[in-house]
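Chemist: Once you've had a glance at the structure underneath, I'll fire off some questions.
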Amino acid sequence: MQYEPRRPYFAQRVGATITANCNDQAVIDSDLLMASLCGIEAFWYLMYPSEPNFLAPGKGTEDAVFTAGMNGGYKGYLVSPHRSKVKHAFIMEGYRTWSSPALAADWDSYSSVLAARMLEADYHQYNGRPILALFDAASFVAQTGGGVLATAQAAIASLRTKVQALGGQNPYIVSLDSTYTNLGFDAFSGYFTYSNQGQVAKTYADLTAVAVARWNALKASGSQIIPQITSGLDWTPRVGSGSPYVGGESVAGTAYAMPTTAQYLAHVQAAKTFIESFPGNCESGIGLHYAWNEFSEGGWICPSAADNYGDRIRGIAAMQGAPGLPSAQINMAFQSLLRAV
């Protein structure tokens, strides 16, 4: 089958049909346990404020298409017995920031909720500072004042003030793109490596070259860097799906060849070496992997058919000196052995 390599460890096959529910609580629990065993420090969750009760506990009522909604991974994290083993942080997408009917499109209310959540005990920090990432800064500026930079800068400053007023340290705010670099960021990284629509297929080496070029450009600018580590990009399965939850892709973008495990781990090692070689620019010591489970978007490190069900994160564990996973393939029938590790 064309997309067989994307099949995650928890997928179930009935005849020619494969189903996989990332929001299943058993899957979320297993994801967190595996990540912790392999030295993955934190999951950064994209937030979807357009869903009712998007930060409230409980799953199952937010969305008619996805059982737990697009915030289901985070909500499952909140109730997982493995929550304390993996930190979490938020990724805020600029165009979604003010689109919440639950918060009346109100940045003041939205940022107050974020500020409180950023002080939770298992929230990811750098040097005591809670981390918040922003993707699509241009839309953030548009949403916070019709394109007025000063208004957007004031919004960022107000979030910092709220966190500190609640007793937290000044947030460490990370940009995940190259727009509005003067918005008030502490460091720069990336989400996925951008794929221009209509281009021809390219190799994984072409993709990593773009990522590495960004590391070096940021270093040359004197910026603080959290190197983006890419595991792939090919959203072909989404094209023509008609679903509003897959980015609305109607035209295929550049399809980069899926890496072998060895190619991916060589890229991870290059990022690790970069961080260790330039501590002045990489003060946090963090590398940001894209992504844990973007199976349809084309970038994932969650155990799947593509990597013998776990070899990518086993390789990360070896680099980190972490215990890692058992050598047997991971699947949902493997839970008792996995929990015994």
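Chemist: Which pairs have Cβ atoms under 6 Å, sit 6 or more apart or on different chains, and link a residue in segment 210-222 that is under 13 Å from Phe278 (Cβ atoms) and of a type in the set (Lys, Arg) to one that is surrounded by 17 or more Cβ atoms within 10 Å (Cβ to Cβ) and at pLDDT below 95?
Modeler: none
Chemist: So which residues in segment 17-40 are free of Cβ contacts under 8 Å to residues at least 60 places away in the same chain, hydrophobic (A, V, I, L, M, F, W, C) and crowded, with 17+ Cβ neighbours inside 10 Å, if there are any at all?
Modeler: Across segment 17-40, the qualifying residues are Ile28, Leu32.
Chemist: Would you pick out the residues in segment 232-270 that are assigned to a helix (DSSP H, G or I), modelled with pLDDT of 80 or more and hydrophobic (A, V, I, L, M, F, W, C)?
Modeler: Ala262, Leu265, Ala266, Val268, Ala270
Chemist: Further, regarding this structure: Residue by residue through segment 83-131, note down the ones that are part of a loop (DSSP other than H, G, I, E, B) and either at pLDDT below 95 or over 18 Å from Ala187 (Cβ atoms) (or both).
Modeler: Val86, Thr97, Trp98, Ser99, Ser100, Ala104, Ala105, Asp106, Leu119, Glu120, Ala121, Asp122
Chemist: Additional query: Restricting to segment 291-324, give me the number of residues that are touching an Asp or Glu at 6+ places or on another chain (Cβ under 9 Å) and part of a loop (DSSP other than H, G, I, E, B).
Modeler: Total satisfying the criteria: 7.
The values are calculated or read from the model by the stated rules, or taken from the named source; none is laboratory data. Please read all numbers here as calculations on a predicted model, not as lab measurements. Here the Cβ is made from the backbone with ideal geometry for all residues, glycine too, and neighbour counts use every protein chain on show.
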